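Below is one structure, written out as structure tokens, with a few remarks after it.
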Amino acid sequence: MKKKWPLIVAITVVCSMSIGWYLGKLLVPDLPVGTVTAGITGSVLGVGIVIGTAKFRESRKSHNVPDVDERTWINIKNFYAFSLYISLFGSMLLVIVLFSLGVETIEIGALSIYLLALFMLLVIGTLVVKRQ
């Protein structure tokens, strides 16, 4: 099963892209071809980079020691449990502060930057916890 995993991921991504392209053409009939091409090419290149990096790391590995063990999984689980509460309470506090300041609408761009920063912090925290 371990050998077939990248193939399963690639097939899933391609099928998802096809469904997304069909729904996009259904909802927006005059969708520019360049947008569709950029989306498909970016997705294929992204999957290729991830699979290539995994193959490269596997070929460079010279011992049978696993990257993670039970303690690492427990640390990652505890980190996500703790960061979930921090992010939920922090977001709730941010909404309360914005409400008390009289903000009635939140711009989508600001919201996307906030979520991007939140996910980046989670990824960095996961990498730190995984190395301990």
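Remark: pairs (first residue in the stretch 61-86, modelled with pLDDT of 80 or more; second residue of a type in the set (K, R); Cβ separation under 7 Å; 6+ apart in sequence or on different chains) = T72/K130; I76/K130. Here L23, L31 are screened, and the one residue that is over 20 Å from L127 (Cβ atoms) and exposed (fewer than 11 other Cβ atoms within 10 Å of the Cβ) is L23.
Can you tell me which of I106, I49, I40 is at pLDDT 80 or above, surrounded by 10 or more Cβ atoms within 10 Å (Cβ to Cβ) and part of a helix (DSSP H, G or I)?
I49
If you go through the stretch 85-102 one residue at a time, do you hit one that is touching a Pro at 6+ places or on another chain (Cβ under 8 Å) and of a type outside the set (D, E)? Checked the stretch 85-102: no residue is touching a Pro at 6+ places or on another chain (Cβ under 8 Å) and of a type outside the set (D, E).
The values are calculated or read from the model by the stated rules, or taken from the named source; none is laboratory data. As the structure is a prediction and not an experimental result, all values here were calculated from the model. Note: ideal-geometry Cβ built from the backbone for every residue, glycine included; neighbour counts use all protein chains shown.
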